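Participant: Below are the structure tokens for one structure; questions will follow.
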Amino acid sequence: MPAITVDDLTVLDRLPAPGLGDQPRAVWQVTTAPEGLEGEGFPVRRAFAGIDLAQLDPFIMMDQMGEVDYAPGEPKGTPWHPHRGFETVTYIIDGVFDHQDSHGGGGSITNGDTQWMTAGAGILHIEAPPEWLVEKGGLFHGIQLWVNLPRDAKLNDPKYQDLRSGEVALVASSDAGALVRVIAGEVSGHHGPGSTFTPMTLVHATIEPGARLDLPWNVDFNALVYVLNGSGSVGTTEQPIHTGQAAVLGSGDYVTVTADGRQESRSPAMDVIVVGGRPIREPLAWAGPFVMNTKAEVMQAYEDFQRGHFGHIPA
Ligand code: MN
């Protein structure tokens, strides 16, 4: 798990331990992600598939891409495809992913980098491993999160943010047993580099065996925990959770995740994504690559796409 790591966590700023009046967030639900294939056939886990959309709000879905160790010639991506009405956030933990879009955005992201694409009114893009990686094969692991936009912003101009691993805010848990990477939003005054339209926080935490992370969390945000690898528990009631499972938490001041003392040898620590945001609370009409408020708007999106209004595939 390269992402971005620190050898000595004790040199980092520490998160405050929960105060006397601080309420832990209770665990409402633990779900297991079904596995599937995306794009040209790369393996994904549909992280939030079992969770009611009202509880995910402002998020639509999240895929864990891989972890997969490709043989030479095997790495896969997506063909060119459209999006409208939301943002895609792709965080690469291992491997390389290239991105290109019809709005001039593009780049290559690798270990710990993030691309934040605001589709807004409409964009065409392609997400694929570079040629040299296809030939060589190798490890591929990341997530893609879909963040909704409110009605007023669905037809905003598209935007592309290239967030490098070195910009991610790094902070340790109060006893330095966990590394917290703030990719977007804010945790206890530590700000990630991602600029978000919908107020939200995105964290990737690595928790050492037996360690407990008490993560201060904005009281206005919902909170979802997804286990990338490893096993442990979530909440102060220590509800068991393992690789490929997601937890929906209730309201409160902080999120608790504890890693089991013994982890599988393949991944010595427990890795989780913690994400939350301010719910948008608008009607949702979601079909394929379009996330709108009404069915008529989704039909309009298909029509505009067919007519070539989403721009053109660059040469
Ligand atoms: Mn896409």
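Participant: Can you list the HN-Hα couplings for region 73-90, worked out from phi with the Karplus curve (6.51, -1.76, 1.60; θ = phi - 60°), rounded to whole Hz and with x for Gly and Pro?
Facilitator: x, 8, x, 10, x, 10, x, 4, 8, x, 9, 8, x, 7, 10, 10, 10, 10
Participant: Here is a follow-up. Ignoring ligands, DNA and RNA, what percent of the accessible area of region 173-315 is carbon or sulfur (1.4 Å)? Write down the numbers at each step before the final one.
Facilitator: On the way: 2980 of 5870 Å².
Answer for region 173-315: carbon and sulfur cover 51 percent of the accessible area.
Participant: Consider a paramagnetic label point 7 Å from the Cα of Q55 along Cα→Cβ; state which residues of region 277-293 have an amide N under 19 Å from it.
Facilitator: So the set is 277-282, 284.
Participant: Once you place label points 7 Å from the Cα toward the Cβ at E238 and W132, how far apart are they in nm?
Facilitator: 4.9 nm
Participant: Here is a follow-up. Under the Kirkwood approximation applied to all pairs of distinct alpha-carbon atoms, what is the hydrodynamic radius of region 220-315 in Å? Can you show the working numbers first?
Facilitator: Values: mean 1/r = 0.0599 Å⁻¹.
Averaging 1/r across every pair of different Cα atoms and inverting gives 16.7 Å.
Participant: Cβ under 13 Å from I60's Cβ, I60 left aside: what net charge do those residues give with Lys, Arg +1 and Asp, Glu -1? The partial results should precede the final answer.
Facilitator: Working: positive: R46, R84, K154; negative: D52, D57, D63, E87, E282.
Surrounding charge for I60 is -2.
Participant: Provide the gained length on full extension for the span K159 to T32, in nm with one decimal, where the gain is 0.36 nm per separating residue minus the Cα-Cα distance.
Facilitator: Using 0.36 nm per residue and subtracting the Cα-Cα distance, I get 42.4 nm.
Participant: In region 1-61, carbon and sulfur make up what percent of the accessible area (probe 1.4 Å)? Write down the numbers at each step before the final one.
Facilitator: On the way: 1710 of 3400 Å².
Looking at region 1-61 in its full context, I get 50 percent from C and S.
Participant: What is the calculated FRET efficiency for Q300 to R262, with r their C-beta to C-beta distance and R₀ = 51 Å, to the nearest 0.05? Walk me through the numbers before you get to the answer.
Facilitator: On the way: r = 54 Å, r/R0 = 1.05.
Efficiency, rounded to the nearest 0.05: 0.45.
Participant: For region 57-83 and region 1-56, what is the centre-to-centre distance using only Cα atoms, to the nearest Å?
Facilitator: One Cα centre to the other: 18 Å.
Participant: Still on this model: What number, rounded to the nearest 500 deg cm²/dmol, is the helix-based mean residue ellipticity at 222 nm of the chain, given -39500 (n - 2.57) per DSSP H run of at least four residues and division by all its residues?
Facilitator: -2000 deg cm²/dmol
Participant: Based on alpha-carbon positions alone, could you give the equivalent ellipsoid semi-axes of the chain from the gyration tensor, as √(5λ), descending, whole Å? Don't jump to the answer; show the numbers that get you there.
Facilitator: On the way: eigenvalues 193, 107, 59 Å².
Output for the chain: semi-axes of 31, 23, 17 Å.
Participant: Turning to a different aspect of this structure: Rolling a 1.4 angstrom probe over the protein heavy atoms, how many square angstrom per residue are accessible across the chain? Mind dumping the intermediate values first?
Facilitator: Details: 12920 Å² over 315 residues.
Result: 41 Å² per residue.
Participant: Compute the longest continuous run of the chain that contains no exposed trypsin sites (Lys or Arg not before Pro); treat a site as exposed when its DSSP state is not H, G, I, E or B and it has at most 13 other Cβ atoms within 10 Å. Could the numbers behind the result be given before it?
Facilitator: Working: sites that count: R262, R266, R281, R307.
Answer from the scan: 1-261.
The values are calculated or read from the model by the stated rules, or taken from the named source; none is laboratory data. Quick caveat: nothing in here was measured; it's all calculated off a predicted structure. Backbone-built Cβ (ideal geometry, glycine too); neighbour counts: all protein chains shown. We work out accessible area using only protein heavy atoms, side chains counted, and drop any ligands, DNA or RNA first. Shrake-Rupley method; radii C 1.70, N 1.55, O 1.52, S 1.80 Å.
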